[in-house]
Amino acid sequence: MEIKKREKAYDGYFKIYELTVEQQGNTFTREQFDRGHAVSALVYDTVQEQYILAKQFRIGPEAEMIEIVAGMVDEGEQPEESIRREIEEEIGYHVDKLEHLHTFYSSPGGSTEHVELYYAEVSEQRSEGGGNPHENEQIEIVRFSAGELQQEVFQDAKTIIAQQWARLHKK
């Protein structure tokens, strides 16, 4: 498969490209949702012995969802800087320990988004969190014991991956 042409079809909050692709003598078009580079973390409070997740309204499902902390890598930032910033913005904690777990594509059939998944340990909440007001975020902190985390049914893929990692590593 070879990409012959790439044109911007939409340039708003998100970007969409129309690609002209050639494969085995056939030429066709595909849309590509340019989502970028994301970071996420399963956050564990070592003092309270609880996992800390974020609850917020999400446009995709048009509903509130409980997810692990996540956000986008800003231009000029390294992924580790981004996830530390997101943890402080969303839940108000300073990161004590950070471990990279996986990098994966969230939906490779049509999206460029790739996600860096981390495990983070925290012990001190320095602010209320709640998200970044200039990004119109309204985030509620949700806490789970290890047992509650394992029993919860999540609908978000990165959170399910983190939940499975915790099961395998008895965290």
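The values are calculated or read from the model by the stated rules, or taken from the named source; none is laboratory data. The structure presented is a predicted model; accordingly, all values stated were derived computationally and were not measured. All Cβ positions, even for glycine, are placed from backbone atoms using ideal geometry, and neighbour counts span all protein chains on display.
A search for C-beta distances below 9 Å between a residue of segment 145-159 that is not assigned by TED's automatic domain parsing to the domain that holds Ala63 and any residue that is part of a helix (DSSP H, G or I) and surrounded by 14 or more Cβ atoms within 10 Å (Cβ to Cβ), counting only pairs 6+ apart in sequence or on different chains, returns nothing. When restricted to residues that are in contact with a helix residue (DSSP H, G or I) (Cβ under 7 Å, 6 or more places away or on another chain), of a type in the set (Val, Ile, Thr) and part of a loop (DSSP other than H, G, I, E, B), segment 118-170 contains 1. Applying the criterion of at least 1 residues that are hydroxyl-bearing (Ser, Thr, Tyr) and surrounded by 11 or more Cβ atoms within 10 Å (Cβ to Cβ) to the strands (runs of 3 or more DSSP E) found wholly in segment 1-104 leaves 2-11, 15-23, 26-34, 37-45, 50-58. When Ser107 is tested against the conditions (1) of a type in the set (S, T, N, Q); (2) closer than 19 Å to Tyr13 by Cα; (3) assigned to a strand (DSSP E or B), the lone failure is (3).
Each row is one residue, and each column tells you yes or no for (1) of a type in the set (S, T, N, Q); (2) in contact with a strand residue (DSSP E or B) (Cβ under 7 Å, 6 or more places away or on another chain); (3) in the same structural domain as Ser106 (by TED's automatic domain parsing).
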residue	(1), (2), (3)
Glu7	no, yes, no
Tyr10	no, yes, no
Ile16	no, yes, no
Gln23	yes, no, no
Asn26	yes, no, no
Val43	no, yes, yes
Val47	no, yes, yes
Gln50	yes, yes, yes
